[in-house]
Amino acid sequence: MRKIGFGSFVFILLILAIGPKIIPTKVDAPLNINIETTTERVARGDYLANHVWVCMECHSQKNDQFYSDPVKPGTEGMGGLLFDSEFGKIYASNITPHKIDNWTDGELLRAITEGLNKNGDALFPFHPYTLYGSKDLEDVYSVITYLRTLPSIKNDVPKRDTKLWANVMVRLMPKPATFIQKPDSSNTIEHGKYLSGVCARCHTPQTNGKPNPEMFYAGGLVHPLSGDEIIRSSNLTPDLETGIGNKSRENFIGIFKAFDSKDSKTILIPKGARESDTPMAWTQFAGMTENDLGAIYDYLHTLPPITNRVEKYGVK
Ligand code: HEC
Ligand code: HEC
């Protein structure tokens, strides 16, 4: 017993000492592909990156004096947003041509869906690569062609400054993508499920940092606001009392569409009242089509209702 314990202790020390670089990841070399740019792909990529997969929510500058921190127009893809966490400081990368011009399509595909950068180093999973790696390859191709059309913005983002143990952990996480065929949009429930992956991340509470499957979409996940303030995500299961069970489809679509106008992107948060802000990217999701929002509603209504009354605001 003692021997094994000592052995693993030495092993861990060794890993920490020689650094995370040499730990092999399970992901292969980037594919040798050349994605053809078509107007359909660029349009689809624009739609996904801005309104569904919300890449731009993280990879742009934000107007944080306004409700829901809308993206600063003209900063799309320039990166630099800081994620300050218990793991250290992580900055969203510049994903405009300034940074990605010398990346191959295969390298971009691997980064977006499998979590390795150009050099083969693991990305911090704040970039949700497992989510994008479980979608339709054609949709990812569309996003890549769209990124290449972004105006190049010269912005050199600092490298992440994370703790050694976090870097070791992160190195072990990337895994091969498992692409699927996207369902036909006439099948609204499956279509809604396909589109909604990004919502589950915030609307499912976690146990030990992992989503709790028994509380799928039941809300209550805590997001920090400023200072001591926190906000909890809503229950999106069809529970009548505590979820969205008594919201109509029109009503659900309407909540989003209320943020689709120019004015709704400049709602000032009164000073000293941070508790009236939200991390929910209302102004970005608002650009989804009514069909797509309706499909998400249809899908959410097939989930088992879970009674979970969420108190929206609180303190740590
Ligand atoms: C929740 C925030 C978030 C979202 C959403 C997000 N990313 Fe990221 N992304 C990041 C962060 C943070 C990094 C840097 C990770 C690191 O430094 O380890 C990153 C890294 C990357 C990289 C690697 C760039 C480099 O220079 O190494 C690419 C490419 C990328 N993201 C593209 C995308 C695309 C395309 C989407 C949408 C399909 C997307 N990201 C969505 C946060 C996000
Ligand atoms: C970054 C985390 C985050 C993501 C991603 C996210 N939400 Fe939310 N959502 C929240 C939080 C926090 C709230 C509560 C605050 C608020 O109402 O703005 C909320 C509120 C809501 C509400 C309001 C319910 C009510 O009672 O008015 C709906 C509806 C909703 N989200 C649906 C969605 C859908 C659909 C998606 C995916 C397209 C999504 N959310 C993605 C964090 C998130």
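The values are calculated or read from the model by the stated rules, or taken from the named source; none is laboratory data. Note that the structure is a prediction, hence the values are computed from the model and not measured. Because the Cβ atoms are built from the backbone with ideal geometry, glycine has one as well, and the counts that use them run over all protein chains shown. Protein only, heavy atoms only, side chains kept; ligands, DNA and RNA dropped before computing areas. Shrake-Rupley method; radii C 1.70, N 1.55, O 1.52, S 1.80 Å.
Take the cross-link list Lys135/Lys175; Lys99/Lys182; Lys62/Lys210 and give me the ones stretching past 20 Å between alpha-carbons. Don't skip to the answer; put the middle values down first.
On the way: Lys135/Lys175 14 Å; Lys99/Lys182 30 Å; Lys62/Lys210 28 Å.
Result: Lys99/Lys182; Lys62/Lys210 exceed 20 Å.
Taking the centroid of alpha carbons for each part, region 47-94 and region 221-281 are 18 Å apart.
Which shape class applies to region 188-315: rounded if a/c is under 1.5, otherwise prolate when a/b exceeds b/c and oblate if not, where a ≥ b ≥ c are the square roots of the Cα gyration tensor eigenvalues? Cα axes put region 188-315 in the oblate bin. The H on the amide N of Leu221, modeled in the peptide plane, is under 5 Å from the matching H of Ser233, each at least 5 residues off or on a different chain.
Excluding ligands, DNA and RNA, what is the solvent-accessible area per residue of the chain at a probe of 1.4 Å, expressed in Å²?
Heavy-atom SASA per residue in the chain reads 54 Å².
Between Leu116 and Ala111, Leu123, the built amide H atoms are under 5 Å apart, and every one of these is 5 or more places off in sequence or on another chain. Centre-to-centre, using Cα atoms only, region 294-308 and region 151-215 are separated by 20 Å.
Only Lys, Arg, Asp and Glu count, each charged at its Cβ (+1, +1, -1, -1), so figure out the dipole size of the chain about its Cα centre, rounded to 20 debye. Write down the numbers at each step before the final one.
On the way: 35 positive and 36 negative charges, 237 e Å.
My answer is approximately 1140 debye.
Apply the a/c threshold of 1.5 to the C-alpha gyration tensor of region 219-262 and tell me whether it is rounded, prolate or oblate. Oblate. Measuring only protein heavy atoms, the 1.4 Å probe finds Val42 accessible over about 30 Å².
Please arrange Ser185, Ser134 by accessible surface area, largest first, computed with a 1.4 Å probe and ligands excluded. Working shown, then result.
On the way: Ser185 75, Ser134 40 Å².
In descending accessible area the options line up as Ser185, Ser134.
Assuming a ≥ b ≥ c are the square roots of the Cα gyration tensor eigenvalues, decide whether region 25-171 counts as rounded (a/c under 1.5), prolate (otherwise, with a/b larger than b/c) or oblate. Present the calculation step by step, with values, prior to reporting the outcome.
On the way: a/c = 1.66, a/b = 1.07, b/c = 1.55.
Oblate, since a/c reaches 1.5 and b/c is not below a/b.
Of the accessible area of region 137-274, with the probe set at 1.4 angstrom, what percent is carbon plus sulfur?
On the way: 4400 of 7870 Å².
In region 137-274, the share of accessible area belonging to carbon and sulfur is 56 percent.
Suppose accessible area is computed on protein heavy atoms with a 1.4 Å probe; arrange Leu240, Leu137, Leu293 from highest to lowest.
Working: Leu240 110, Leu137 55, Leu293 0 Å².
Heavy-atom accessible area, descending, gives Leu240, Leu137, Leu293.
Given contacts defined as C-alpha pairs under 8 Å and at least six residues apart, what's the relative contact order of the chain, whole-number percent? Let's see the in-between values first.
Values: 570 pairs, mean separation 65.1, N = 316.
Rounded, it is 21 percent for the chain.
Could you list the GluC sites (Glu not before Pro) in region 223-316 that lie in coil according to DSSP, counting only those with at most 11 other Cβ atoms within 10 Å of their Cβ?
Of the GluC sites (Glu not before Pro), the ones in loops of region 223-316 whose Cβ has at most 11 other Cβ atoms within 10 Å are Glu241, Glu311.
Just so you know, the Rg over Rh for the chain is 0.97, from Cα atoms, with Rh as the Kirkwood radius.
The residue among Ile253, Ser226, Leu300 whose Cα reaches farthest toward the positive pole of the charge dipole of region 202-316, with charges on the beta-carbon of Lys, Arg, Asp and Glu, is Ser226.
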